[in-house]
Amino acid sequence: MRLVELLWFFPLAIAIALVVGAVGRREPRAILRSAGRTLWTLVAVVAGVGIFIRLLVVFFV
Amino acid sequence: MMPPGAAPIRRPRCPSATITILLGWIVPGLGQLYVGRPGKAAWFFLWVVGTFALGLYLTGFAGVHREREALWLIAQSFCGGPTAASLWWTRDVVPLARLATYDVGLLYTGVAGLLNAIVLSDALGTVEDGARAAASFDRIEGARAAHAEAQLRAAEAEAAERDALRLAPEAVASEAVASEAVESALEGAFGGFDDPAPPPPEGAPPTFPDDATPPRPSGYGTEEAR
């Protein structure tokens, strides 16, 4: 899998963030704020782990 | 007391957790609709069913299968209705070639199922909120009823006391009339109690009642008397 293929997971991350952000909240603004934070966390974790593994491969394999 | 023009407060609805789970499992978001959150119901339906449908499309409509994708079916089955419908509608689909997006599609359908588990937990949270609100309402209504009853009892006691005070002079008067009647009856029977004794004849020794001691002369028991 190439790093670009990670883009396939971006819509999934958006869906996860919007659903998880709406759980337990009622105001639309709170939902969107929470969804934004969740999306940022997901992207940072997935992209970070992906880049880290890619760097490992580049340097040591 | 309720302010004039205010609408009466209704008891909060207490939806059933079992029905909520069942409805939300069959159709994502239906649990929210049942507990009275139509906006969230539409929101969850859109994202969960949309993710599931996109995943199914990416797998070439072959991603939901009992034998081929048995492990993924566990995750997908949290979306009961869409998974059952896909199993039924795509039962005859045979993948001729594995699509490049097949694995991503499987992930989409599986994640959609797991997202529905989160959606169900949200609906259950709303059920719990409703139960808590209903319990608070019952407690407040009970206290209000007890307060009203206490006020009623106090008003009754006050009215009884007022009646007693109003009747008191009449009771005293009727008691006086009764005692007068008894007195007159006794007087008629025994000649009365208040007649003074006839005076003793002239020169007769003084008489004393049986239980009375005659008066002692002055100086009795002193040295002078001896």
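Bear in mind that the values in this text are calculations on the coordinates, not laboratory data. The model shown is predicted, which means the values in this text are computed figures rather than measured ones. Here Cβ is always computed from backbone atoms with ideal geometry, including for glycine, and neighbour counts include all displayed protein chains.
Odds and ends about this structure:
- Sorted by Cβ density within 10 Å, fewest first, the residues B:Tyr108, B:Tyr34: B:Tyr34, B:Tyr108
- Summing Cβ point charges (Lys, Arg +1; Asp, Glu -1) relative to the Cα centre of the range B:75-188 gives a dipole of roughly 1540 debye.
- For the range B:47-116, radius of gyration divided by Kirkwood radius, i.e. Rg to Rh on alpha-carbons: 0.92
- Summary of the geometry: the range B:110-142 and the range B:28-103, compared by the centres of their Cα atoms, lie 25 Å apart.
- Structural descriptor for the range B:47-184: relative contact order 28 percent, calculated from alpha carbon pairs under 8 angstrom and at least 6 residues apart.
- Once the mean of 1/r is taken over each pair of separate Cα atoms and inverted, the range B:1-62 shows a Kirkwood hydrodynamic radius of 14.1 Å.
- Between A:Leu7 and B:Asp138, the modelled labels are 5.8 nm apart [label points 7 Å from Cα along Cα→Cβ].
- The B:Ala131 and B:Ala53 beta-carbon pair, evaluated with R₀ = 35 Å, returns a calculated FRET efficiency of approximately 0.55.
- Each listed q (0.20 Å⁻¹) maps to a log10 I(q)/I(0) for chain A from the Debye sum over equal C-alpha point scatterers, namely -0.74.
- Take each residue in B:157-169, count the other chain C-beta atoms within 10 Å of its C-beta, and the mean is 0.
- Every Cα-Cα pair of the range B:1-109 was included, and the share exceeding 22 Å stands at 44 percent.
- For the range B:50-159, GluC sites (Glu not before Pro) meeting the loop criterion (DSSP other than H, G, I, E, B) and having at most 13 other Cβ atoms within 10 Å: B:Glu67.
- Taking the C-alpha atoms only, the angle from helix A:28-60 to the longest principal axis of chain A is near 10 degrees.
- Temperature 20 °C, viscosity 1.002 mPa s: under these conditions the Stokes-Einstein estimate for the range B:146-186, based on its Kirkwood radius over C-alpha pairs, is 171 µm² per second.
- Working note: Karplus 6.51/-1.76/1.60 with θ = phi - 60° gives the range B:24-40 the couplings x, 6, 5, 10, x, x, 5, x, 5, 5, 5, 8, x, 10, x, x, 5 Hz, where Gly and Pro are set to x.
- Placing pseudo-labels 7 Å out from each Cα toward the beta carbon at B:Trp89 and B:Ala159 gives an inter-label distance of 7.1 nm.
- Global size of the protein assembly as shown: 48.9, 159 Å for Rg and Dmax (C-alpha atoms, Rg to one decimal, Dmax whole).
- Over the range B:42-183: Kirkwood hydrodynamic radius from C-alpha pairwise inverse distances, Å: 21.2 Å
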